[in-house]
Amino acid sequence: VVAASTYKLFVSLLLLDKINAGQLQWTDAIQGTDVSTCLRNTIVLSANNCAEEWIAKWGRSAMNSALYAKGFSSSTTFTASDATHTSAADLQKLLIGLHTKTLFNESNSSRLISLMKQQVYRKGIPAGSNGTVADKVGFLWDYLNDAAIVYHPRGTYVLVVMTQGQSWGKIAEITAQIEKIMYP
């Protein structure tokens, strides 16, 4: 389905790969600031400008190829005609790889999780959970998505909720219902 701004998690993965490979530095200039600040704004504020510039620089097809080489499905695509698309399964895979550090190294994992814990849109999964939530939301047209690592007092889990025509309140309600089942 339409990823909305959850696609920025995939952009972040590829950005961090480029930093690890020495192709980019945290202090490189972009959009009147630096890469570090751009990543922060991309995740915390869900700002589009840096993510859009990275997509333009790296190429949509090349991004798809890089993600497919990492094992993501063709459901995640930056070349759909209307918007970037993904699946709950691919977002889950990314978040599990973030948490377990199988897709990210320790430093990059810590940085991205910290930014996700600071993101400003907290009415979805964070509002419905009894845990600390590191998430990335996406909203575009009538799509409303939230992808999270939840650090619940009784266990850490990943939750992805992708909706169309729903509300933040519905995502919070779904989260609360899931936690009632998981932690009765």
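The values are calculated or read from the model by the stated rules, or taken from the named source; none is laboratory data. Just so we're clear, the structure is a prediction, and the values are computed from it rather than from any experiment. Here the Cβ is made from the backbone with ideal geometry for all residues, glycine too, and neighbour counts use every protein chain on show. Surface accessibility is based on the protein's heavy atoms, side chains included, excluding ligands, DNA and RNA. Shrake-Rupley method; radii C 1.70, N 1.55, O 1.52, S 1.80 Å.
Rounded to the nearest 0.05, what FRET efficiency is calculated for ALA29 and SER110 with R0 set to 30 Å and r the Cβ-Cβ distance?
Computed FRET efficiency for ALA29 and SER110: 0.80.
Could you work out [θ]222 nm for the chain from helices alone, using -39500 (n - 2.57) per DSSP H run of at least four and dividing by all its residues? Round to the nearest 500 deg cm²/dmol.
It lands at -14500 deg cm²/dmol.
Looking at VAL11, ALA83, GLY59, which one has the Cα that reaches farthest to the positive end of the dipole of the stretch 1-119 (charges on Cβ: Lys, Arg +1; Asp, Glu -1)?
VAL11
Can you tell me the accessible area per residue over the chain, all protein chains present, probe 1.4 angstrom, in square angstrom?
44 Å²
Would you list, by chain and number, the aspartates and glutamates whose Cα falls below 20 Å from the Cα of LYS101, excluding same-chain residues fewer than 8 positions away?
Of all the aspartates and glutamates, those that pass the test against LYS101 - Cα under 20 Å, at least 8 places apart if same chain - are ASP17, ASP90, ASP135.
Taking a 31 Å limit on the Cα-Cα distance, which of the listed pairs LYS117/LYS180; LYS18/LYS170; LYS57/LYS170 fall beyond it?
LYS18/LYS170; LYS57/LYS170
Kindly state, to the nearest 0.05, the FRET efficiency for ASN130 paired with SER81, given R0 = 30 Å and r defined as their beta-carbon distance.
Rounded to the nearest 0.05, the efficiency is 0.15.
For semi-axes √(5λ) of the Cα gyration tensor in Å, one of (1) 26, 18, 15; (2) 30, 24, 13; (3) 28, 20, 18 was computed from the structure I shared and the rest are decoys. Which label?
Given (1) 26, 18, 15; (2) 30, 24, 13; (3) 28, 20, 18, the structure-derived one carries the label (1).
With charges set only on the Cβ (+1 for Lys and Arg, -1 for Asp and Glu), what does the dipole of the stretch 46-169 come to about its Cα centre, in debye to the nearest 20?
360 debye
Quick one: go through the stretch 128-159 and flag any residue whose amide nitrogen is under 17 Å from the point 7 Å out along the Cα-to-Cβ line of LYS180.
Only 128-131 pass the distance filter.
Share of the chain's accessible area from carbon and sulfur, percent, 1.4 Å?
Here carbon and sulfur together make up 50 percent of the probe-accessible area.
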